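The values are calculated or read from the model by the stated rules, or taken from the named source; none is laboratory data. Small disclaimer: the values here were computed from a predicted structure and weren't measured. Reconstructed Cβ throughout: ideal geometry from the backbone, glycine too, with neighbour counts over all protein chains shown. Areas reflect the complete protein model, heavy atoms only, side chains present, ligands, DNA and RNA absent. Shrake-Rupley method; radii C 1.70, N 1.55, O 1.52, S 1.80 Å.
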Number of protein chains: 2
Amino acid sequence: MNSPDAAQLGKRAEQMIRTLAPLSSEPDKLVRLFLSKEHRQAADQAAVWMREAGLDVTEDALGTVRGSMGKGPKLIIGSHLDSVVDGGHYDGPLGVIAAIIAADEIKKRGIDVAIDVIAFGDEEGSRFPSTLSSSAALAGHFEPHTLNLMDAKGLTFEQALEAYGKNPADIPKAAYRKSEAAAYVEVHIEQGPRLEAANEPLGVVTGIVGQSRWSTTVRGEAGHAGTVPMNMRHDALLGAAEMALAAEKLARAFKDMVATVGRIEARPGATNIIPGEVVFTVDLRCMDDAERRRAVAAFEKEAQAIAAARKLDVKFQPFHAIDATPCDRRLQDLLASAIADLGHKPLRLSSGAGHDAQAMAKLCPSAMMFVRCRGGISHNPAEFTSEADMGAAVAALIRFIERFAARTN
Amino acid sequence: MNSPDAAQLGKRAEQMIRTLAPLSSEPDKLVRLFLSKEHRQAADQAAVWMREAGLDVTEDALGTVRGSMGKGPKLIIGSHLDSVVDGGHYDGPLGVIAAIIAADEIKKRGIDVAIDVIAFGDEEGSRFPSTLSSSAALAGHFEPHTLNLMDAKGLTFEQALEAYGKNPADIPKAAYRKSEAAAYVEVHIEQGPRLEAANEPLGVVTGIVGQSRWSTTVRGEAGHAGTVPMNMRHDALLGAAEMALAAEKLARAFKDMVATVGRIEARPGATNIIPGEVVFTVDLRCMDDAERRRAVAAFEKEAQAIAAARKLDVKFQPFHAIDATPCDRRLQDLLASAIADLGHKPLRLSSGAGHDAQAMAKLCPSAMMFVRCRGGISHNPAEFTSEADMGAAVAALIRFIERFAARTN
């Protein structure tokens, strides 16, 4: 029997996506939270598929499913099974499914390579105010205080683990020793529009961007919308408007940077009152940490100049910052070669979103392959990746593993 | 005994302001709503003062107190007793108090002029979603549907009237016949900063501005704040920011126009999501109705251009429009002469806020005198007008009545 082509691989992936799709806590939308009944069902399904592929299946103290083949340092391939509330069917599951199909094919082809296929459960952070706890555990960086975090129903992470039949004391056993982990590779939908714009199905991720998030508070003077002449106003909203546009201009001026004002509130917030105070958030991301810090400083300087010109006061309150995680250069090149082998052009692009690969990079060389998704839409029921593109992704992953095996043997 | 000077008149006004100040439904802030127990108390106090001044006191079906002297067409002088929630002590009561003191002085001086002093109860619209209902009733323009409006506790205007001991059937009797009303004059705090900026205590109001209010809905495309490059975004908030700044620029370009974006909401409103939809209000005011309409059209055109450049959609939903009410030219000049007689420079300025004079202008020639207030602040506990400025206002009102009497006799 010949090896399946990309079209056949895509068909198989599509069937598996459809098998996982109904595993939701709500009938009309996808909600698959960490350590929920639906997580249990998805994990069991993944374990079934892993066993069918001839892998040895275990599950760690955070409910992460591991399917192993071969001896020696492992090529770890995986993604996550959990979803955001009202999410899509591809974000996470595609990477788990691609890894299972690829491992199955590699085994069938008799290629000698040690692989662990991984299905994580806590990437989205949609149940507890934590993300990447299951990949952090594998990387040996699980934060013990995570156990005290509470979900919307008042259940702690620890209580949820116990209800899932797990013993928190076993979490450290989930960690790989560095010598056991050769590399980590993850297939994931892009969640952005760049592959679609470039008309290419697959991309090689150069790294996961660093982020700075802060809130900006602009204070002016509230006043009667009818009685204060324009030239005597200190309108906090107009200052904030200029600052939001300045953030956009800055992000456009720096290379590969994005800046977003996602929340804004004008106070007191009445039609006929000049806003006296406005609070808005800025989320700024870039692969280059130094550039990101320069941009944050440039924004603050620009916002202060805008405030001064309008006789407003401005304050900045950072609430999140994380450095960039570059992907391993050699793994990137191997992924690019594998994609090129299939006749596609391997677009190099950064990931603006966080991924398990970020946590795994602390353990071993890590890399990611992105798969085109329609309209760049994710975290939304409209999320869609075609069977053909999934097939290309699985085929490229298989080719990557072959190249990886050839390189290490 | 000599006539009191401005300082003495100011002292008397200040004492009366202090007498009304505690009449509030809440202990630590001023809340005096239409047809409330505190309205009753304030109306009774006004009636006591009117009787002390030798006026014949009646009360109409909306609780408006009227103190009359003389025969023939009346010079009607008044303002309102109700407040906004957490309002100040001068907005409204100063005009009632000034009228009572002035009528008292005119009577003492034996000047032959027919005066009605009026204390309205529903200017602010802080209880029912209506304003100026009590002055509309005097002008013969009370809207019957007003009776069905509901307050925050679910009580209708009609029920509240009945609880206040009034019969809605008597409302038409509150109306003046045109032949009975010679003129309406109102003293009111400016509620803006222009007199203070000009270092003058008193101003002559040229008219009450017209208003257009509408909400603007900008639709773009929500997206992941990390994965959509800047040049592929359709960020509704950035479009809205440009439109708010365009409204400011427009208002500055037209003469004596103000435009305010007081409310703004970005949806979905998460730190890490590009806003897909933004709704904001615009409140635009101007004395010249044609100019105002031109400005609204210019804003729409400009907003559409901004939307087109960013590939956004924009829609406008008007929810309030009222034409300007010019003040009577001859009354304005009489007020200006009276102010000049006292040695002050009568600044001519429009009113950006609505007033009972707006409703009374439908009945008879109407005019207003503005009194300086600190920082232009009103609708706020920090609202303040000095004793000296109140004294100047009362003295100017007396002088105006003398001039008015001389002119009509």
Of the residues A:379, A:80, A:188, which exhibits the maximal mean-square fluctuation in a Gaussian network model of chain A defined by a 10 Å Cα contact cut-off?
A:379
Dipole of chain A (Lys/Arg Cβ +1, Asp/Glu Cβ -1, origin at the Cα centre): which of A:58, A:257, A:13 lies farthest to the positive side?
A:257
Working with all protein chains in place, sort B:282, A:279 by solvent-accessible area computed with a 1.4 Å probe, largest first.
A:279, B:282
So for A:341, B:389, what's the accessible-area order with a 1.4 Å probe, most first?
A:341, B:389
Express the Stokes-Einstein translational diffusion coefficient of region B:210-322 in µm² s⁻¹, to the nearest whole number, given a Kirkwood radius over alpha-carbon pairs, 20 °C and a viscosity of 1.002 mPa s.
149 µm²/s
Distances in nm, one decimal, shortest first, from residue A:232 to the same residue in every other copy, taking the label point 7 angstrom along Cα→Cβ.
5.1
Under 5 Å between amide H atoms, partner at least 5 residues away or on a different chain: which partners does residue B:348 have, H built in plane at 1.01 Å?
B:204
Using only helices, what value at 222 nm comes out for chain B when you add -39,500 (n - 2.57) per DSSP H run of length 4 or more and divide by the total residues, to the nearest 500 deg cm²/dmol?
-11000 deg cm²/dmol
In region A:233-290, which trypsin sites (Lys or Arg not before Pro) are in a loop and have at most 10 other Cβ atoms within 10 Å, using DSSP for the loop call?
A:255
Taking the axis that carries chain B onto chain A, what is the nearest Cβ in chain B, and at how many Å, to the whole number?
B:241, 2
Based on Cβ point charges of +1 for Lys and Arg and -1 for Asp and Glu, what charge dipole magnitude is obtained for the protein assembly as shown about its Cα centre, in debye rounded to the nearest 20?
1320 debye
Taking every residue in A:371-384, how many Cβ atoms of other protein chains lie within 10 Å of its Cβ, on average?
2
With the full set of protein chains in place, find how many percent of the accessible area of chain B is carbon and sulfur; take the probe as 1.4 Å.
50 percent
Roughly how crowded by other chains is peptide B:353-359, in terms of the mean Cβ count from those chains within 10 Å of each of its Cβ atoms?
1
Surface accessible to a 1.4 Å probe, residue A:49 within the full protein complex, Å²
30 Å²
Between residue A:329 and the same site in the other copies, what are the distances in nm, shortest first, taking label points 7 Å from Cα along the C-beta direction?
8.5
Which whole DSSP H helices in chain B pass both tests: a Cα extent of 15 Å or more along the axis and a mean Kyte-Doolittle value no lower than 1.0?
B:93-108
Order B:118-126, B:306-314, A:179-187, A:115-123 from most to least packed using the mean count of other Cβ atoms within 10 Å.
A:115-123, B:118-126, A:179-187, B:306-314
Which GluC sites (Glu not before Pro) does region B:1-72 hold that lie in a coil by DSSP with at most 16 other beta carbons within 10 Å?
none
Order the peptides B:19-25, A:352-358, A:234-240 from the highest to the lowest mean number of other Cβ atoms within 10 Å of their residues.
A:234-240, A:352-358, B:19-25
Which whole number gives the average, over all residues in B:276-283, of C-beta atoms from other chains lying within 10 Å of the residue C-beta?
3
Whose amide H sits under 5 Å from the amide H of residue A:324, counting only residues 5 or more places off or on another chain, with H placed in the peptide plane?
A:210, A:289
For residue B:311, the aspartates and glutamates lying under 18 Å Cα to Cα, once residues fewer than eight places off in the same chain are dropped, come out as A:248, B:221, B:235, B:242, B:277, B:300, B:302
Dipole size in debye (nearest 20) for chain B around its Cα centre, Lys and Arg Cβ +1, Asp and Glu Cβ -1?
740 debye
Copy-to-copy spacing for residue A:29, label 7 Å out on the Cα-to-C-beta vector, in nm, shortest first?
3.5
Sparsely packed trypsin sites (Lys or Arg not before Pro) within region A:59-155, loop by DSSP, other Cβ within 10 Å at most 14:
A:71, A:109, A:153
May I ask you to evaluate 6.51 cos²θ - 1.76 cosθ + 1.60, the Karplus curve with θ = phi - 60°, for each residue of region B:23-34 and list the ³J(HN,Hα) values in order in whole Hz, giving x for glycine and proline?
7, 9, 7, 10, x, 9, 8, 8, 9, 10, 8, 3
Log entry, pair B-A: total buried accessible area, probe 1.4 Å, protein chains only, in Å² rounded to 100, is 4200 Å²
Accessible area per residue in Å² at 1.4 Å probe, computed on the protein assembly as shown:
39 Å²
Using alpha carbon centers only, region A:213-264 is separated from region A:339-380 by a whole-angstrom value of 34 Å
Pairs B:29/B:74; A:249/A:315; A:107/A:166; A:37/A:173; B:71/B:166: which exceed 29 Å Cα-Cα?
B:29/B:74; A:107/A:166
